[in-house]
Amino acid sequence: MRRDRLTFGMIIGIPVVQLMLFGYAINGDPKHLPTAVLLADSSQYGRSMLSALKNSDYFHFVRKLHNEAEAETALARGEVQFIVTIPENFSRSLLRGDKPTILIEADATDPSATGNAIASLRTLLASALQHDLKGPLGFLAGSDGPINLRVHARYNPEGISQYNIVPGLMGVVLTMTMVMITGLAITRERERGTMENLLSMPTRPLEVLLGKIIPYIFVGYIQAGLILTAARFLFHVPMAGSIPLLLLVASVFIAANLAMGITFSTLAKNQLQAVQMTFFFFLPSLLLSGFMFPFRGMPDWAQVIGELLPLTHFLRIIRGILLKGNGFEEVILQLWQIVLFAVVVLTIGVKRYRKTLD
Amino acid sequence: MTDNVVIDVRGMTKRFGALTAVNGIDLQVRQGEVYGFLGPNGSGKTTFIRMLCGLLAADAGEGTCLDFDVIRESESIKRQVGYMTQRFSFYEDLSIIENLDFVARMYGVSNRRAAVHESIERLGLAGRQKQLAGELSGGWKQRLALAACLIHNPRLLLLDEPTAGVDPKARRDFWEQIHELAGQGLTFLISTHYMDEAERCDRLAYLSYGNLLTSGTAAEVIAGAQLTTWLASGPNLQVIARQLRTKPGVGQAVAFGARLHVSGTEALRLEQAIAPFRTEPYSWQQINPGLEDVFIHLMGNSKDNYQA
Ligand SMILES: Nc1ncnc2c1ncn2[C@@H]1O[C@H](COP(=O)(O)OP(=O)(O)OP(=O)(O)O)[C@@H](O)[C@H]1O
Ligand SMILES: [Mg+2]
């Protein structure tokens with residue numbers, strides 16, 4: 001084992017990484033969720049409502065929106081988790097005792113990301129106006145509060161967690177298997193001795209690596225098809241968007257993972273190392289991508305790592321297509337990051353591919 | 001003259017850490033020649049061959065292989081060289097025909113199907129083309145490897161112990177084929193441990209501990225060693241062999257079956273040394289040393305140099 005520093009590093013590294021991830025990065029009760037406001041009435045009362053939300057730990061105001069269409073896009077792209085709409089004539093209705101309605105739309109694709117925040121809303125808003133509605137206006141507070149609260153849990157109104165998990169599983173399965181398949185490709189050639197033969201032929205590194213990647217894209221498709229079928233018929237996951245688009249994206253995602261695997265394979269000295277590297281990649285992918293735990297619940301450093309991982313973007317895409325009915329414009333915002341990942345990783349692989357045996 | 005030299009390298013050197021596996025080897029191989037590469041295990045044969053086709057980066061050395069620079073133009077060299085690895089290195093989970101097709105594709109052979117078909121015919125693999133390479137016996141694996149080496153019509157073949165573990169008949173067939181191909185103008189560099197194969201080569205090189213000890217035709221190599229050899233026959237040769245080895249003037253006493261070859265570089269002292277043993281029931285006669293005597297002699301000397 002002294003000869004194999006990587007194995008030694010893994011033995012120390014894996015518990016450290018696990019501790020970091022489980023101990024610090026993961027949080028089942030996400031706070032400071034990005035929220036946008038559509039403020040049609042900028043009166044004192046409207047602002048009181050907002051500051052009450054702001055003072056809670058759950059909502060973090062990031063944007064002011066001007067119309068419904070903007071709100072729709074922001075939610076579809078997943079830029080914000082919540083949209084708070086304070087309607088026109090909010091103050092006037094309030095003072096007349098008409099109980100104006102505040103609309104809160106939540107991106108509920110992942111029910112666990114929004115659950116606690118939504119649960120906290122009612123008490124939050126009831127107390128929000130207590131300060132303003134004192135003395136002569138006290139009667140408005142009434143017995144059931146001065147306002148109506150409407151919460152729209154968008155995309156997954158019943159909060160069915162399978163709708164979120166099953167599509168995500170497709171990404172997870174592809175990550176695990178695709179990286180593993182090609183992760184062994186080059187090391188296997190080395191260990192079987194076929195590398196010597198391959199290198200004695202006039203082949204280019206990119207050619208060899210692509211030759212190892214392309215056939216497996218079809219293997220990936222079989223898996224993707226299997227999971228999609230199960231999602232449709234066993235779990236009745238809604239499929240609001242275009243399936244051909246999803247399959248197109250899946251091929252890019254599969255290729256990115258295969259590229260990651262082949263690059264590990266050029267870095268690893270033997271099959272054991274390749275497997276270890278795969279595991280080292282899979283662990284953060286599983287935990288930091290937003291698959292197991294809400295992405296926005298993680299601290300910034302973990303989110304930065306998460307943003308680098310193709311699975312993170314693929315999860316956003318697949319959930320976006322299936323649940324939100326997203327089209328190409330929304331998809332491309334995430335897709336280019338997967339493409340970039342694949343290109344960078346493959347470049348490293350080509351650079352590291354040794355054209356000689358030493 | 002120079003335009004039909006296929007391999008012409010000087011000072012080829014390869015180090016693995018502290019070990020110099022190949023130490024400044026010069027080698028010239030002419031077109032159409034079958035060049036034998038000999039030397040004990042670990043003497044650097046495989047390492048040298050790998051450097052020729054760009055599989056290992058040389059630490060020093062220069063020259064040409066097939067008129068390309070041996071250091072810088074290995075991509076071009078690879079295109080015209082067929083390299084047969086010492087260890088079987090085809091895909092065991094592919095069939096014979098699939099392996100050949102793969103190789104043909106890697107070399108970009110035009111009219112691939114015909115080329116694959118032809119090589120299967122030529123090597124008599126026809127009945128077995130669907131068999132998985134991993135299921136083949138040793139001899140058939142060698143045939144497959146040779147077929148694969150030839151598929152892109154190379155000008156030079158580098159064969160690293162092509163007949164290790166092959167039965168005598170198959171070895172004979174193999175060598176007949178090699179001489180036939182050499183007759184058509186192909187050049188061969190073949191490493192081997194078999195003396196009968198060494199004798200079939202047009203010229204030889206002998207390596208030990210990375211050094212080229214001798215090279216030339218078999219006759220030149222034997223003459224160059226300036227060895228005198230006596231052959232003894234009789235009972236209990238092991239006993240006198242042990243005694244002879246301690247005598248000055250005796251370089252080596254090697255048993256060949258029921259005969260003993262006793263050799264030394266100084267004819268006179270050798271004769272003095274064996275004189276006491278030239279009694280009944282032993283019969284002695286002076287013979288011309290064979291390649292094996294010479295190689296054993298070279299190996300013994302180089303070890304001394306190495307340890308000194
Ligand atoms: N990749 C390597 N790393 C370190 N040492 C090596 C490597 N390859 C070969 N060697 C060493 O270089 C020396 C020459 O080895 P090489 O394989 O060239 O010998 P060889 O003449 O082909 O022997 P054999 O007849 O057993 O095939 C040996 O001592 C071997 O241990
Ligand atoms: Mg060898």
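No value in this document is a laboratory result; all are computed from the given coordinates. The shown structure was predicted, so the numbers you read here are calculated from the model rather than taken from an experiment. Cβ atoms come from the backbone with ideal geometry, glycine included; neighbour counts cover every protein chain shown.
Observations, loosely collected:
- Whole-angstrom gap from the stretch A:190-240 to the stretch B:231-302, using each part's C-alpha centre: 65
- Per DSSP, loop trypsin sites (Lys or Arg not before Pro) in the stretch A:265-358 with at most 16 further Cβ within 10 Å: A:K269, A:R354, A:K355
- Restricting the trypsin sites (Lys or Arg not before Pro) of the stretch A:1-88 to loop positions (DSSP other than H, G, I, E, B) with no more than 12 neighbouring Cβ atoms within 10 Å leaves A:R2, A:R3.
- Leading residue at positive end of dipole, the stretch A:311-358 (Cβ point charges), from A:I348, A:L335, A:G320: A:I348
- When you work out D = kT/(6 pi eta Rh) for the protein assembly as shown at 4 °C and 1.567 mPa s, using the Kirkwood radius from C-alpha pairs as Rh and the Stokes-Einstein form, the result is 41 µm²/s.
- Highest-fluctuation residue, A:L209, A:L95, A:L288 considered, GNM on chain A with Cα pairs under 10 Å: A:L95
- Within a straight-line Cα-Cα reach of under 17 Å, A:K99 can be paired with the following aspartates and glutamates, leaving aside sequence neighbours fewer than 8 residues apart in one chain: A:D41, A:E88, A:D132, A:D144.
- Label point 7 Å beyond Cα of B:R269 along Cβ direction - residues of the stretch B:230-249 with amide nitrogen under 13 Å: B:246-249
- Residue (of A:V62, B:P162, B:I178) at the positive-pole extreme of the protein assembly as shown, dipole from beta-carbon charges: A:V62
- Principal-axis analysis of the Cα atoms of chain A puts helix A:205-233 at an angle of about 40° to the longest axis.
- Residues B:W230, A:W336, sorted so that the one with the fewest Cβ neighbours within 10 Å comes first: A:W336, B:W230
- Degrees separating the helix A:243-267 axis from the principal Cα axis of chain A, which is the longest one: 50
- On the principal axes of its alpha-carbon atoms, the stretch B:1-77 has extents of 38, 26, 17 Å, going from largest to smallest.
- Cα shape, the stretch B:228-288, gyration tensor, a/c 1.5 rule: rounded
- Approximating the spin labels as points 7 Å out from Cα along Cα→Cβ, the B:E92-to-A:K31 distance works out to 5.9 nm.
- The residues neighbouring A:G159, those whose beta-carbon lies less than 13 Å from its own, together hold a net charge of -2 under the Lys/Arg +1, Asp/Glu -1 convention.
- Over 18 Å [Cα-Cα, the stretch A:33-154], rounded percent: 48
- The charge dipole of the stretch B:67-196, taken about its Cα centre with unit charges on the Cβ atoms of Lys, Arg (+1), Asp and Glu (-1) only, comes to about 240 debye.
- Lysines whose Cα lies under 16 Å from that of B:K169, excluding same-chain neighbours fewer than 8 positions away: B:K141
- Seen from A:Q303, the other residues with C-beta closer than 15 Å to its C-beta sum to a net charge of -1, counting Lys and Arg as +1 and Asp and Glu as -1.
- Annotation: the residues B:D69, A:D41, sorted from fewest to most other C-beta atoms within 10 Å of their own C-beta, follow the order B:D69, A:D41.
- Spatial separation of Cα centroids for the stretch B:39-111 and the stretch A:41-76, in angstrom: 68
- Burial ordering of A:M10, B:M12, fewest other beta-carbon atoms within 10 Å first: A:M10, B:M12
- Local electrostatic count, B:S263, Cβ distance below 13 Å [Lys/Arg +1, Asp/Glu -1]: 0
- Taking chain A as a Gaussian network of alpha-carbon nodes connected by springs under 10 Å, the highest mean-square fluctuation of the residues A:E88, A:E307, A:E329 belongs to A:E329.
- Candidates B:F102, B:F277, B:F256, ranked by Gaussian network fluctuation over chain B, Cα under 10 Å, top entry: B:F256
- For chain A, the longest principal axis of the Cα atoms and the long axis of helix A:5-20 meet at an angle of about 10 degrees.
- The protein assembly as shown, dipole about Cα centre (Lys/Arg Cβ +1, Asp/Glu Cβ -1), debye to the nearest 20: 1000
- Selection among B:T228, A:A128, A:A259 by position relative to the dipole of the protein assembly as shown gives A:A128 as farthest towards the positive end (Cβ unit charges, Cα centre).
- Dipole magnitude of the stretch B:228-288 about its Cα centre (Cβ charges: Lys, Arg +1; Asp, Glu -1), debye to nearest 20: 140
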